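The values are calculated or read from the model by the stated rules, or taken from the named source; none is laboratory data. Model, not experiment: these values are computed from the prediction. Neighbour counts run over all protein chains shown; Cβ positions are idealised from the backbone, glycine included. Note: areas computed on protein heavy atoms with side chains; ligands, DNA, RNA excluded. Shrake-Rupley method; radii C 1.70, N 1.55, O 1.52, S 1.80 Å.
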Amino acid sequence: MSDSSNNTRIAKNTVLLYIRTFLVMLITLYTSRVILRILGIDDFGIYQVVGGVVAIFSIISGALTVSISRYITFEIGTGNKEKLHTIFSTSVIIQIILALIILCVSEYPAIWFVKHKMTIAMDMVTTTIWVFQFSLLTFCVNLISIPYTACIIAHERMKAYAYISIIEVMMKLGVCYAILLSPFDLLVSYAALMCLTSIVIRIIYSIYCKRHFKECSGKTVFEKGLFKELIEFSGWSFFSNSASIVNQQGVTMLMNVYFGLTVNTARGLAMQVENGVLQFVTNFTTAINPQITKSYAAGELTEMYKLVCRGAKFSSYAMFLMAIPLIFEMRPVLTFWLGKVPSYTVIFAQLSLIMGLLDCMGSSGYTACIATGKLKKYALIITTIGYTEFVGTWVLYKFGAPVVSTYYLFIAVKFAVNIARMFLLKSMVGLPIDMYISQVFKPVILVALLSLAIPYVIVYSISQSSLRICLTVVSSILSVSLAAYYVGMTRGEQNMIKSMLMKKISRINL
């Protein structure tokens with residue numbers, strides 16, 4: 001497939017995903033405000049902590065997700081349809097078995113944590129346990145949906161992915177108002193209806209995939225050899241993903257133990273801000289990642305190198321567009337969104353976006369590494385560095401450090417991970433270090449510095465007002481766009497952008 005054809009497909013899929021993300025984020029921000037108002041700070045904080053307990057199991061599911069996505073995308077790249085069906089069928093069976101195991105083994109330790117470790121009122125223990133039950137069931141339903149989602153993304157059917165996501169978020173919007181009619185506890189009702197939403201979306205994914213992809217229908221096949229291969233790959237992926245989940249959810253629980261529910265609410269809201277912004281960025285990586293794996297499967301390494309560097313660079317620029325104005329104007333934005341802003345939410349959200357900026361540079365490189373099917377070296381190095389976030393936070397809190405100190409530690413560790421990943425790309429797929437520095441690190445740093453200058457001057461020379469917010473947003477977008485185009489892109493990338501814009505303009509004129 002030609003480079004032009006790949007660029008067109010990536011651009012088209014990215015646009016579809018941006019439209020999807022804009023609608024999803026708009027509704028999600030609104031529903032978060034409504035849910036916070038309906039449930040209150042304490043109940044909202046409980047839901048965040050219980051979600052963290054359940055999410056610990058996603059260490060396992062995340063590992064299998066990576067494995068399934070890699071194997072399905074790889075086989076699409078090789079064109080082996082028979083093996084593709086076997087991979088999908090075996091993956092579904094694995095996910096069902098895993099879901100049943102998690103349901104059986106999770107009850108006692110999770111309930112013990114709720115009763116003996118969570119900082120909650122005694123009259124909320126039963127409610128919290130019910131919320132845990134529904135949250136766990138929701139997790140297991142989502143777990144079984146993974147092979148179907150992986151197929152849609154691997155086949156690059158982003159329109160279907162976008163439509164189903166919009167249906168899901170519209171259902172969640174309906175949940176916000178449905179709980180007001182519930183005769184039961186509001187928090188329990190919310191968890192139950194969110195579970196029902198997941199079940200409906202799971203059914204929609206299943207119907208779509210069976211109608212459009214041959215590998216998703218037909219006789220169920222289970223291959224022991226493939227099962228062992230997936231489990232072996234998942235073992236290292238499990239080790240690699242465990243750091244991310246332990247750092248994210250483990251720190252949430254540490255905050256609850258040392259600082260209480262109000263801090264959990266602030267962290268939950270900050271994570272929603274970060275995830276909302278990252279959704280815009282991951283649209284590009286979601287569109288480009290299948291091409292990276294398929295290029296490796298076809299032996300087109302030069303094309304893969306271009307895609308890896310372009311993915312890291314362009315996702316960083318997309319993150320700048322969203323993050324820079326938000327970092328400077330976080331307080332008025334949160335006030336407009338939430339009305340009353342819980343303590344620590346502003347600083348948590350600002351630092352979370354800086355962490356997100358560092359994460360953006362690694363997604364396409366990670367995809368290239370897992371495309372090889374050999375994760376041992378990657379997992380040992382990256383995960384060992386990553387675990388210092390949780391361990392370091394525990395030590396900091398133990399010795400009385402302020403709650404915000406964990407974010408500064410996270411930023412330092414994520415920077416170290418990016419450096420390590422650059423060397424791993426060289427050893428695992430042969431991507432030259434000087435190529436990665438010149439095509440990713442250098443332009444991203446230059447664009448960041450140039451983009452910050454004008455918004456910084458505006459924020460620190462004009463008092464807070466609607467005018468200042470407008471000036472900050474406009475100057476940030478213009479600064480990032482101009483710096484990215486003239487300083488952060490190669491001549492070929494500039495021509496590609498020009499060509500795409502001219503096509504869009506010509507269609508409008510017609």
statement: Counting sequence-distant residues (5 or more places) and residues on other chains, those with an amide H built under 5 Å from that of LEU431 are LYS426
- line: Between LYS374 and LEU173, Cβ-based FRET efficiency (R0 51 Å, step 0.05) works out to 0.75
message: What FRET efficiency comes out for GLU232 versus VAL125 if R0 is 51 angstrom and r is the Cβ-Cβ distance? Round to the nearest 0.05.
response: 0.80
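So, by mean Cβ neighbours within 10 angstrom, what's the order for 406-416, 179-189 with the highest one leading? Walk me through the numbers before you get to the answer.
Numbers: 406-416: 17.9, 179-189: 15.1.
Ranking, from highest mean packing down: 406-416, 179-189.
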- prompt: Could you name the lysines in cross-link range of LYS81, using Cα to Cα under 16 Å and dropping any fewer than eight places away on the same chain?
  reply: LYS210, LYS214, LYS219, LYS294
field: Hz values of 3J(HN,Hα) by residue in the stretch 356-368 - Karplus curve (6.51, -1.76, 1.60), Gly and Pro given as x
entry: x, 4, 6, 5, 4, 6, x, 4, 5, x, 4, 4, 5
field: Candidate residues THR335, THR372: accessible-area rank, largest first, probe 1.4 Å
entry: THR335, THR372
query: Hey, how many Å between the Cα centroid of the stretch 474-490 and the Cα centroid of the stretch 76-109?
result: 43 Å
- prompt: Relative to the present Cα-Cα distance, how much length would full extension add between ILE497 and LEU186 at 0.36 nm per residue of separation?
  reply: 107.0 nm
- prompt: Points 7 angstrom from Cα along the Cβ direction at SER217 and VAL474: gap in nanometres?
  reply: 5.4 nm
- request: For the stretch 287-393, count all C-alpha to C-alpha pairs, find those more than 25 Å apart, and express that count as a whole percent of the total.
  value: 41 percent
query: Using the Cα atoms as the points, what is the convex hull volume per residue of the stretch 133-271 in Å³?
result: 164 Å³
statement: Each label sits 7 Å from Cα toward the beta-carbon; between ILE437 and LYS83 the label points are separated, in nm, by 3.8 nm
task: Rank by packing, highest mean first: peptides 358-368, 380-390, with packing defined as the count of other Cβ atoms within 10 Å averaged across residues.
output: 358-368, 380-390
query: Which of LYS159/LYS498; LYS159/LYS374; LYS340/LYS398 have a Cα-Cα distance over 28 Å?
result: LYS159/LYS374; LYS340/LYS398
query: Residue by residue, what Karplus-based ³J(HN,Hα) values in Hz, rounded to whole numbers, does the stretch 131-139 have, using 6.51, -1.76 and 1.60 with θ = phi - 60° and x for Gly and Pro?
result: 4, 4, 4, 5, 5, 5, 5, 4, 4
